[in-house]
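The numbers here are math on the coordinates, done by the rules we state, and not lab data. As the structure is a computational prediction, the values presented were derived from the model and not from experiment. When we count neighbours, we look across all protein chains shown, and the Cβ atoms used for this are built from the backbone with ideal geometry, even at glycine.
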Amino acid sequence: MLEYEFMRHALLAGVMVALLAGASGYFLVLRKQTFAGHALSHVGFAGATGAALLGAPPLAGMFAVTVAAGLAMGWLGDRLKGSDVAVGAVLALAMGFGMLFLHFFTAYATQATALLFGNILGVDGTTLYLLAASSLLCLCALAMISRPLIFASLQPELAEARGLPLRLVSMLFLAIVALATALCTQVVGVLLVFALMVGPGAAAQQLTRKLGRGVALAVALALAETVGGIVLAYRSDWPVSFWITALSCGGYLAAAAWRHRQTRRSPYKAN
Amino acid sequence: MSAAPAIAFHDLELGYAGRRILSGVNLQIESGRFVALLGPNGAGKTSLLRAVLGLVAPLRGQIRVLGRPARRGRGAVAYIPQRHSLNIGTHLSGRDFVASGCDGQRWGWPWLGRRARREIETALECVDAVELASRPLGELSGGQRQRLLLAQALLGKPQLLLLDEPLAGLDVLHQRQVVKQVDSIRQRLGITVLFSSHDLNPLLGSMDQVLYLAAGHAQLGSVDEVISSPVLSRLYGAHVDVVRVQKRIFVLPGAGGQAHA
């Protein structure tokens with residue numbers, strides 16, 4: 001398997017993306033902002049196809065548009081709550097524009113499937129370096145903001161009173177999530193980002209009460225599911241994206257079942 | 001210790017966008033006191049606490065906290081907000097929740113040194129919550145969560161503790177427990193407490209003074225000085241009855257008004 005360069009590239013790219021997706025996904029689930037990950041990937045689709053239409057690299061267009069959208073969502077913050085119809089309409093519009101850009105850009109018919117469902121087996125050397133660099137950059141940024149991010153998520157009013165700029169924290173975090181989302185689309189595509197961003201983080205929250213352990217578990221699960229998905233795809237000749245979504249979903253269900261059993265055994269009753 | 005009052009309001013006027021909530025507030029809260037912040041809904045209790053924290057700028061006048069102008073990010077001022085959003089992080093252990101407040105406003109990785117860990121354990125012991133702390137937040141009752149919030153507020157060795165309606169949603173027994181706990185912490189650590197509440201009865205016997213807000217005005221004094229029909233009638237600008245039944249006190253604002261204590 002490893003004798004093929006495309007497999008080596010795929011595995012390395014998967015590892016780089018999974019590291020960031022697992023870590024940022026844990027916080028995304030903690031803050032109950034999982035919908036943001038979904039939304040950003042849809043907006044990114046328009047960015048990628050728009051860039052392709054203009055002759056620019058699709059990944060660059062996706063980076064630019066998702067980060068801009070992430071910053072805007074962080075800026076708006078709580079004002080987005082309750083406006084799900086408006087958000088949904090904007091998402092649909094973004095997908096619509098993506099489709100329109102593809103329509104004009106007829107030279108690339110396969111591009112649509114790659115963007116929507118991922119194409120990790122087609123990652124070339126240059127893209128690999130780009131993925132690795134942006135993933136490591138985002139991980140460093142996430143580590144830098146993690147302490148205030150946790151405080152602002154759990155105790156927003158107290159954090160504000162202690163002088164923490166809540167809006168800045170929210171914007172920085174969603175910018176990191178935006179880049180993570182754009183990277184994830186390289187592996188599983190726009191439509192399946194949820195599996196890689198949310199599945200591992202949600203499963204980790206079922207498995208541990210400890211914050212630090214939760215982040216570590218989310219990263220481990222994301223890595224296992226991505227690498228596992230690529231290997232299973234190689235063996236079965238089924239699509240990578242299918243295997244990753246199946247493993248992510250299975251991982252979450254197993255974690256939830258484990259939690260359910262633990263709770264029934266727990267000596268404490270909620271009151 | 002400095003002789004500066006814990007909180008001093010000079011000709012304070014508070015409000016939002018043209019709507020005045022409080023005006024002409026001139027009073028001082030001495031250091032080490034347990035002061036109950038009372039008044040009907042919408043009288044400005046939360047706004048006053050937020051102004052002391054520096055989160056709301058006064059329309060006029062000034063606030064001095066521990067001898068310096070009120071400003072955001074003063075470590076010496078601890079705060080327990082009203083209606084803590086309980087739907088985030090319910091799977092996390094109480095200890096991790098409390099720990100998030102340990103220098104939580106500083107950038108960087110949330111590494112806890114030995115001193116920080118010891119401070120967290122001391123704060124948990126202080127509110128008798130060491131055992132609670134290993135359970136997930138979602139499994140705790142309102143009163144138990146309140147103890148964790150109190151432990152979190154004690155991190156950073158505050159000199160002034162502000163509590164916004166910590167008794168809301170608790171039954172009488174748990175209300176008394178929270179008040180007693182806050183009072184014993186005040187005595188042990190020598191801090192000043194400003195405790196907002198809808199009902200004054202759970203605070204009787206623990207509080208030194210009442211800061212009563214109504215109809216845009218404020219009055220500070222002992223329970224007997226403030227909770228009387230003439231004083232409250234003047235404050236409300238309408239007739240108010242004060243009824244005492246078996247060591248319990250009820251404030252009944254004029255015709256059509258609703259009883260609250």
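Would you kindly state how much longer the chain becomes between residue A:76 and residue A:141 on full extension, computed as 0.36 nm times their sequence separation minus their alpha carbon distance, in nm to one decimal?
Difference between extended and current length: 21.3 nm.
What does the extension gain come out to for residue A:129 and residue A:236, with contour length at 0.36 nm per residue minus their alpha carbon separation?
The residue A:129-residue A:236 span can extend by a further 35.7 nm.
According to the square roots a ≥ b ≥ c of the eigenvalues of the Cα gyration tensor, what is the shape class of segment A:5-191, taking rounded for a/c under 1.5, prolate for a/b larger than b/c otherwise, and oblate for the remainder?
oblate
Which order, highest average first, do B:227-240, A:37-50 follow once you tally other Cβ atoms within 10 Å for each residue and take the mean per peptide?
Going from most to least packed, we get A:37-50, B:227-240.
Computed FRET efficiency, Cβ-Cβ of residue A:85 and residue B:224, R0 41 Å: what is it to the nearest 0.05?
0.15
Spelling out what I want: for every residue of segment B:209-222, take phi, set θ = phi - 60°, compute 6.51 cos²θ - 1.76 cosθ + 1.60 (Karplus), and round to whole Hz; glycine and proline get x.
Once rounded to whole Hz, the list reads 9, 10, 10, 9, 10, 6, 6, x, 10, 9, 9, 10, x, 6.
Could you work out, residue by residue across A:159-172, how many beta carbons of other chains sit within 10 Å of that residue's beta carbon, and then give the average as an integer?
Partner-chain Cβ atoms within 10 Å, mean over residues of A:159-172: 4.
Each residue of segment A:62-78 in order: what ³J(HN,Hα) in whole Hz does its phi give by Karplus 6.51 cos²θ - 1.76 cosθ + 1.60, θ = phi - 60°, with x for Gly and Pro?
5, 3, 4, 6, 5, 5, 4, 5, x, 4, 5, 5, x, 5, 5, x, 4
Sort A:69-77, B:195-203, A:145-153 by packing, meaning the average of other beta carbons within 10 Å per residue, with the highest value first.
Output ranking for A:69-77, B:195-203, A:145-153: A:145-153, B:195-203, A:69-77.
Step through the residues of segment A:53-59 one at a time and calculate ³J(HN,Hα) from phi using the Karplus curve (6.51 cos²θ - 1.76 cosθ + 1.60, θ = phi - 60°), rounding each to whole Hz and writing x for Gly and Pro.
Values, residue by residue: 4, 7, x, 9, x, x, 4 Hz.
Quick one: which of A:210/B:45; A:81/B:157; B:157/B:180 span more than 31 angstrom between C-alpha atoms?
A:210/B:45; A:81/B:157
Can you report the principal axis dimensions of the protein assembly as shown using only the alpha carbons, biggest first, rounded to whole angstrom?
88, 51, 44
Tell me, what is the percent relative contact order of segment B:11-120, built from C-alpha pairs under 8 Å that lie six or more residues apart? Don't jump to the answer; show the numbers that get you there.
Working: 81 pairs, mean separation 21.5, N = 110.
RCO, segment B:11-120: 20 percent.
Put a dot 7 Å past each Cα toward the Cβ at residue A:8 and residue B:90; how far apart are the dots in nm?
My value for the distance between the label points is 5.0 nm.
Could you work out the helix-only [θ] at 222 nm for chain A, with each DSSP H run of four or more residues adding -39,500 (n - 2.57) and the total divided by the number of residues, to the nearest 500 deg cm²/dmol?
-27500 deg cm²/dmol
Sort out the exposed loop trypsin sites (Lys or Arg not before Pro) in chain A (DSSP loop, at most 10 other Cβ within 10 Å) and tell me the longest stretch that has none.
A:82-268
Could you work out how far the C-alpha centroid of segment B:83-132 sits from that of segment A:194-228, in angstrom?
Spelled out, the Cα-based centre of one part sits 22 Å from the other.
Please average, across the residues of B:133-143, the number of beta carbons from any other chain that are within 10 Å of each residue's own beta carbon, and give a whole number.
Rounded to a whole number, the mean comes out at 3.
To check you understand DSSP bridge types, tell me what percent of the beta bridges within the protein assembly as shown (both residues inside) are antiparallel, rounded to 5.
If I count the DSSP bridges inside the protein assembly as shown, around 60 percent turn out antiparallel.
Expressed in nm to one decimal, what extension gain is obtained for the pair residue B:30 and residue B:245 from 0.36 nm per residue of sequence separation less their Cα-Cα distance? Could the numbers behind the result be given before it?
Details: separation 215, 0.36 × 215 = 77.40 nm, distance 3.03 nm.
That works out to 74.4 nm of additional length.
What is the Cα centroid distance between segment B:186-254 and segment B:7-25, reported in whole angstrom?
20 Å
Rounded to the nearest Å, what's the spacing between the alpha carbon centres of segment A:24-62 and segment A:72-133? Just the number, please.
If we compute the Cα centre of each part, the gap is 5 Å.
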